[in-house]
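**Student:** Structure provided below as structure tokens; questions to follow.
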Amino acid sequence: MSVQLALTSALSGLRTTQQQAAMVSHNLANATTAGYVRRDLDLSAVTTAGRGAGVRVDAVARKVDELLIRDARFETSRYSGQEARASALADYALVLGQPQDEKSVSTQLSKLQQAFSRLHDMPNDDAARNAVVSQATALAGGLNRAAEAAQTVQDDARGRLQTSVDVVNTSLQRISDLNGKIATLETRGGDAGDLRDQRDRLLDQVSQEIGIRTYSREDGQVVVMTRNGQTLLDHPLAPGEQPLTLLGDEVMANGVALSANPDSEIQSGRIMGYVQTVKQDMPRAMAQLDELAVGLVQAFQGAEADPTQPGLFTDAGAAYGATAGLASRIAVNGAVRTESWRVQSGVQAAAPLQPGDQTQIEKFQAVFTGTRSFAATDMPANATLGSYATAMVSAQQGYRTGAESEMNARKISADTLETARINRDGVNIDDEMQKLLLIEQSYGASAQVVQVAGRMIDILLQIKG
């Protein structure tokens with residue numbers, strides 16, 4: 001090997017190791033940066049006239065496992081969706097209570113039945129009458145609060161749904177901008193690794209809000225779609241352009257209502273959880289409450305002389321009018337508040353019954369033991385008021401515990417895949433430090449070759465002189 005070739009090889013080694021050291025330092029500096037992907041240099045040997053002439057850097061390699069990223073995003077998306085839904089169900093269940101809780105409507109209904117039993121034993125006792133009125137008021141209030149809680153949870157989910165849609169649109173705008181920068185930079189032969197990291201972090205953010213699929217074009221730009229194929233980003237977005245919109249309670253993309261079939265069109269993400277809360281969970285809860293309210297209003301109306309007129313429980317002071325929203329309107333008849341003798345003689349009675357007359361009280365008691373028909377989802381078709389109320393409260397707690405169990409299972413899967421992704425694509429400080437030692441040795445070896453070649457040239461010049 002000629003001295004010139006030796007110097008050329010050594011100098012290429014020095015330049016390469018300098019670049020390698022800079023790249024390792026960059027990796028180490030970003031070891032704790034969220035979403036940073038480790039970089040390597042792709043090297044190849046240089047040959048001149050069939051002989052080795054050193055080494056060169058071909059490219060900065062940002063090697064990621066796209067399948068692992070896809071799976072990690074999907075599991076994280078499913079977890080975030082289930083977390084949103086479980087949180088909403090927990091908020092409602094907290095107000096509704098457990099079947100045995102003092103505040104639950106099932107307990108309040110049972111207490112009302114007990115109050116009528118005591119009144120049957122002491123029909124002339126003012127305290128027993130007032131206890132019935134007080135407990136009926138507590139039951140109506142419990143239904144009102146539960147209905148208000150369901151409405152509040154639903155309204156809160158609507159607000160969060162709008163926030164999630166805004167997050168998706170803002171992130172897609174930034175991804176569109178990065179697409180253009182990445183394509184331009186890579187066309188010029190530049191390193192777009194940091195820009196790709198930014199874009200991946202934004203894609204991670206979008207996937208937490210809604211389930212997505214992505215694929216990359218040859219120019220480095222990424223196309224974003226929902227998991228069922230509705231396009232969210234496939235061209236540069238104009239300022240203010242919104243791939244996702246919220247029309248009422250419907251999440252729209254390309255004129256398609258994704259929330260009409262969320263299981264297939266959305267599949268995962270917080271948007272999925274909020275849509276389920278708004279369109280499924282809370283409407284179901286309110287319908288179950290309304291059915292119980294209907295049962296109370298109609299049953300006590302039926303126990304009166306005229307079943308078409310208001311009884312102990314009313315629809316905002318009137319006779320039963322409509323099922324929808326009745327749980328929020330149900331109230332105790334104002335007549336019994338000022339004249340408690342009506343709970344012994346009948347709310348519609350023109351005058352009190354004879355002292356000790358238990359006839360009307362027994363009709364009221366029959367309300368609790370009679371079987372009624374109910375039409376609410378997941379509820380018994382035929383049941384007593386008490387068993388229906390217990391089933392309703394138990395069902396809501398079951399929805400909550402089921403959602404929380406699934407959320408915990410999703411979290412384990414999401415954490416496992418995210419850890420695998422970090423281990424695969426992230427920076428391992430120990431590995432980078434070992435690599436830095438090897439680079440140091442390589443640099444030292446190349447430097448020695450330069451020194452030796454320099455001494456050889458000096459010797460040759462002395463001999464020539």
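The values are calculated or read from the model by the stated rules, or taken from the named source; none is laboratory data. Because the structure is predicted, anything quoted here is derived from the model rather than measured. Neighbour counts run over all protein chains shown; Cβ positions are idealised from the backbone, glycine included. The accessibility values were calculated without ligands, DNA or RNA, using every heavy atom of the protein model including side chains. Shrake-Rupley method; radii C 1.70, N 1.55, O 1.52, S 1.80 Å.
**Student:** Sort out which residues of region 347-361 are surrounded by 12 or more Cβ atoms within 10 Å (Cβ to Cβ) and either among the aromatic types (Phe, Trp, Tyr) or out of contact with any Gly (no Cβ under 7 Å at 6 or more places or on another chain) (or both), and write them in order of number. Write out each step before concluding.
**Tutor:** If we filter region 347-361 for residues that are surrounded by 12 or more Cβ atoms within 10 Å (Cβ to Cβ), which is where we start, we get 347-349, 352-353, 357-361.
Selection gives 348, 349, 352, 353, 357, 358, 359, 361.
**Student:** Consider only pairs whose beta carbons are under 6 Å apart and that are at least six residues apart or on different chains; among these, list those whose first residue lies in region 62-73 and is farther than 15 Å from residue 211 by Cα and whose second residue is of a type in the set (A, V, I, L, M).
**Tutor:** 62/37; 64/37
**Student:** May I pose another question? Which residue, of 384, 377, 390, is closer than 22 Å to residue 287 by Cβ, without any contact (Cβ under 8 Å) to a residue 40 or more places away in the chain and open to solvent by 30 Å² or more (accessible area, probe 1.4 Å)?
**Tutor:** Values: 377 fails: without any contact (Cβ under 8 Å) to a residue 40 or more places away in the chain; 390 fails: without any contact (Cβ under 8 Å) to a residue 40 or more places away in the chain.
Exactly one residue qualifies, and that residue is 384.
**Student:** Quick one: which residue in 463, 429, 457, 439 is touching a helix residue (DSSP H, G or I) at 6+ places or on another chain (Cβ under 9 Å) and farther than 30 Å from residue 34 by Cα?
**Tutor:** Numbers: 463 fails: touching a helix residue (DSSP H, G or I) at 6+ places or on another chain (Cβ under 9 Å); 429 fails: farther than 30 Å from residue 34 by Cα; 439 fails: farther than 30 Å from residue 34 by Cα.
Result: 457 is the single residue among 463, 429, 457, 439 that is touching a helix residue (DSSP H, G or I) at 6+ places or on another chain (Cβ under 9 Å) and farther than 30 Å from residue 34 by Cα.
**Student:** If you don't mind, there's one more thing I want to ask. Tally time: how many residues in region 171-192 are more than 31 Å from the chain's Cα centre (by Cα) and among the polar types (S, T, N, Q)?
**Tutor:** 2
**Student:** When you go through 89, 94 one by one, which is the residue that is surrounded by 14 or more Cβ atoms within 10 Å (Cβ to Cβ) and under 30 Å from residue 395 (Cβ atoms)? Please lay out each step first, then the result.
**Tutor:** Values: 94 fails: surrounded by 14 or more Cβ atoms within 10 Å (Cβ to Cβ).
The match here is 89.
**Student:** Just one of 36, 79 is modelled with pLDDT of 85 or more, of a type in the set (Phe, Trp, Tyr) and assigned to a helix (DSSP H, G or I); which is it? Steps first, answer last, please.
**Tutor:** Values: 36 fails: assigned to a helix (DSSP H, G or I).
Testing whether each residue is modelled with pLDDT of 85 or more, of a type in the set (Phe, Trp, Tyr) and assigned to a helix (DSSP H, G or I) leaves just 79.
**Student:** Still on this structure, please answer the following. I'd like to check something: does region 114-125 contain any residue that is assigned to a helix (DSSP H, G or I), of a type in the set (Lys, Arg) and surrounded by 20 or more Cβ atoms within 10 Å (Cβ to Cβ)? Explain how you work it out, then say what you get.
**Tutor:** So the first thing to find is which residues in region 114-125 are assigned to a helix (DSSP H, G or I), and the list is 114-121.
Subsequent filtering for residues that are of a type in the set (Lys, Arg) retains 118.
Still in the list and also surrounded by 20 or more Cβ atoms within 10 Å (Cβ to Cβ): none.
Scanning region 114-125, I find no residue that is assigned to a helix (DSSP H, G or I), of a type in the set (Lys, Arg) and surrounded by 20 or more Cβ atoms within 10 Å (Cβ to Cβ), so the answer is no.
**Student:** Which one is least open to solvent (accessible area, probe 1.4 Å) among residues in region 407-465 that are at pLDDT 85 or above and outside any helix (DSSP H, G or I)?
**Tutor:** It comes out as 426.
**Student:** Another one. What helices (runs of 4 or more DSSP H), lying completely within region 169-279, carry at least 3 residues that are touching a residue at least 24 places away in the same chain (Cβ under 8 Å) and surrounded by fewer than 22 Cβ atoms within 10 Å (Cβ to Cβ)? Please lay out each step first, then the result.
**Tutor:** Working: elements: 193-209, 262-265, 270-276.
Counting at least 3 such residues, we get 193-209.
**Student:** Of the residues in region 38-58, how many are without any contact (Cβ under 8 Å) to a residue 24 or more places away in the chain and not polar (S, T, N, Q)?
**Tutor:** The first filter runs over region 38-58 and keeps only residues without any contact (Cβ under 8 Å) to a residue 24 or more places away in the chain, leaving 40, 42, 44-45, 47, 49-50, 58.
Still in the running and not polar (S, T, N, Q): 40, 42, 45, 49-50, 58.
So the count comes out to 6.
**Student:** For region 303-318, how many residues meet the condition of being more than 38 Å from the chain's Cα centre (by Cα), of a type in the set (Gly, Ala, Ser) and open to solvent by 50 Å² or more (accessible area, probe 1.4 Å)? Write out each step before concluding.
**Tutor:** Pass one, region 303-318, residues more than 38 Å from the chain's Cα centre (by Cα): 303-314, 317-318.
Filter once more, so that each one left must be of a type in the set (Gly, Ala, Ser): 303, 305, 311, 317-318.
Now narrow it down to the ones that are open to solvent by 50 Å² or more (accessible area, probe 1.4 Å): 305, 317.
Number of matching residues: 2.
**Student:** Within region 129-151, which residues are aliphatic (A, V, I, L, M) and in contact with a strand residue (DSSP E or B) (Cβ under 6 Å, 6 or more places away or on another chain)? Reasoning before the result, please.
**Tutor:** So in region 129-151, the residues aliphatic (A, V, I, L, M) come out as 131-133, 136, 138-140, 143, 146-147, 149-150.
136, 140, 143, listed by residue number.
**Student:** Still on this structure: Can you list residue pairs whose Cβ atoms sit under 7 Å apart, with the first residue in region 313-326 being without any contact (Cβ under 8 Å) to a residue 24 or more places away in the chain and at positive phi and the second being of a type in the set (A, V, I, L, M) and outside any loop (DSSP other than H, G, I, E, B)? Count only pairs 6 or more apart in sequence or on different chains.
**Tutor:** What qualifies is 316/331; 317/331.
**Student:** Just to be sure, is residue 166 modelled with pLDDT under 95, within 18 Å of the chain's Cα centre (by Cα) and either farther than 30 Å from residue 339 by Cα or open to solvent by less than 10 Å² (accessible area, probe 1.4 Å) (or both)?
**Tutor:** So residue 166 does not fit the description; no.
**Student:** Kindly indicate whether any position in region 319-341 is surrounded by 18 or more Cβ atoms within 10 Å (Cβ to Cβ), over 30 Å from residue 89 (Cα atoms), in contact with a Lys or Arg (Cβ under 9 Å, 6 or more places away or on another chain) and not small (Gly, Ala, Ser).
**Tutor:** Checked against the condition, which is being surrounded by 18 or more Cβ atoms within 10 Å (Cβ to Cβ), over 30 Å from residue 89 (Cα atoms), in contact with a Lys or Arg (Cβ under 9 Å, 6 or more places away or on another chain) and not small (Gly, Ala, Ser), region 319-341 yields at least one hit.
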